[in-house]
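Working notes, beginning with the structure itself.
The values are calculated or read from the model by the stated rules, or taken from the named source; none is laboratory data. No experiment lies behind these values; they were computed from the predicted model shown. Please note: Cβ atoms are built from the backbone with ideal geometry, for glycine as well, and neighbour counts cover all protein chains shown. When the accessible area is computed, the model is the full protein with side chains, heavy atoms only, and any ligands, DNA or RNA have been set aside. Shrake-Rupley method; radii C 1.70, N 1.55, O 1.52, S 1.80 Å.
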Amino acid sequence: MSFASQSTQLTVASNPQPSRLKRWLRSCLIGASASVLLGTSAHAADRIILTYQDIQATVPISSIANFANTGEVSGDLQELFQKYPRIQQVIRELLTKQIRISPSFVEKTLKSSTGEFVLIQLEKLINTSNAGDEIELIRNTLLSAYQDDNAFSLLEIVEKFPINDIRVDLTSLERVYTDVSTFVERIQPALEVAKEFLQNYICDCKNANNR
């Protein structure tokens with residue numbers, strides 16, 4: 001039997017059961033939508049291009065993850081740290097340090113202009129060839145990294161980023177980590193407290209004026 005004949009028979013056989021086909025298509029669409037919303041991807045970056053000052057190193061994601069977790073360096077990464085040995089331990093620590101993020105930040109702030117400050121800082125660290133798409137990619141990647149423990153590290157962002165050949169600027173690593181962690185863990189919670197206080201104060205004033 002030819003391939004064409006098999007295809008014809010398959011089509012004829014599937015026509016009496018349109019509801020099953022609809023259910024299957026609906027399941028596929030739901031799964032795809034969930035993947036987009038959570039920032040998950042079947043294909044994450046395979047390698048990254050690290051830049052620091054005047055040197056560039058192209059390394060597999062597995063190499064940078066191994067370095068962050070064990071301190072072991074190899075390949076182009078070794079060349080980078082031979083030229084700038086003082087940054088090796090600092091970069092390792094900054095890659096693995098966890099930044100805790102509250103559920104309220106994810107639900108209320110991350111998609112607002114206030115939360116976009118975090119994404120813009122991370123964009124200074126990670127560059128891709130997808131001009132104009134970085135902010136949304138970073139947002140989804142952050143959500144994916146946050147899910148399991150309500151925290152993320154810069155290494156997790158790099159590992160989960162769904163684009164091949166991303167460029168990571170190690171020169172700005174410390175500043176980006178400091179800005180993001182300070183905002184997420186200190187400034188934003190303080191803003192929330194201040195906002196709640198002001199709302200209560202305004203409500204009290206209105207109630208007093210209505211008496």
Exercise. What GluC sites (Glu not before Pro) in the stretch 44-153 are in a loop by DSSP, with at most 12 other Cβ atoms within 10 Å of the Cβ?
Worked result: E72
Problem set entry | the stretch 80-195 - accessible surface per residue (Å², probe 1.4 Å) | 49 Å²
Exercise. Loop-only check: which trypsin sites (Lys or Arg not before Pro) in the stretch 110-169 are DSSP coil with at most 15 other Cβ within 10 angstrom?
Worked result: K111
Exercise. Along the positive direction of the dipole of the stretch 68-205 (beta-carbon charges: Lys, Arg +1; Asp, Glu -1; about the Cα centre), which of Q188, L142, P103 reaches farthest?
Worked result: Q188
